[in-house]
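*Asks:* Quick one: the structure is below, questions incoming.
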Amino acid sequence: MSKGITAKAVEGITAKVEARIRELPESKQGPLLALVQETVDRYEHVKESADGARSALADLRVVVKYMLFDAEATEREEDASS
C-alpha cells in the first residue's frame, strides 16, 4: 500500500512555491501566499482525518476478532452441552 506524499515532501514543495511567489511583485504575493497556507492547512486536516480513520479501523479489527472468538466459544459451549 502506498503511503502517498510525506510531510517532509509537502514542506519542501511548499517552501519552493513560497520562494517563487516571493519573486513576484508584492501586490500579487498576498493572495497566493494565502492559498499556499490554505493548501497546507487542508493537507494537515486530511492527514489527521486519515490517521483517525486508520485508528478506528484498527479498533474495529480488534472488536471483530473478539466477536468471532466469543461466537466460536459460545458455539463450542452449546455443542459440549448437547
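*Asks:* Just to confirm my numbers, what's the Cα centroid distance between the stretch 48-67 and the stretch 1-44 in Å?
*Replies:* With the stretch 48-67 and the stretch 1-44 each reduced to a Cα centre, they are spaced 32 Å.
*Asks:* Also, quick follow-up: Residue farthest toward the positive end of the dipole of the chain, with Cβ of Lys/Arg at +1 and Asp/Glu at -1: which of G30, V46, L60?
*Replies:* G30
*Asks:* Relative to the compact-globule scaling 2.2 N^0.38 Å, provide the ratio for the alpha-carbon radius of gyration of the chain.
*Replies:* Numbers: Rg = 24.8 Å, N = 82, 2.2 N^0.38 = 11.7 Å.
Against the empirical 2.2 N^0.38 Å value, I get 2.11 for the chain.
*Asks:* Further question: Once the piece of chain linking S82 and V17 is laid out straight, how much longer is it, given 0.36 nm per residue of separation minus the C-alpha distance between them?
*Replies:* Value of the extension gain: 16.2 nm.
*Asks:* Would you kindly state the longest site-free stretch of the chain, with sites defined as trypsin sites (Lys or Arg not before Pro) in a DSSP loop (not H, G, I, E, B) surrounded by at most 12 other Cβ atoms within 10 Å? Present the calculation step by step, with values, prior to reporting the outcome.
*Replies:* Numbers: sites that count: K3, R22.
No qualifying site falls inside 23-82, the longest such stretch.
*Asks:* Working from Cα positions, state the angle (0 to 90°, nearest 10) between the long axis of helix 26-81 and the longest principal axis of the chain.
*Replies:* 0
Laboratory data are not the source of any read-out in this text; all were calculated from the coordinates shown. Predicted model only: the values in this text are computed from it and were never measured. We place every Cβ from the backbone using ideal geometry, glycine too, and count neighbours over all the protein chains shown.
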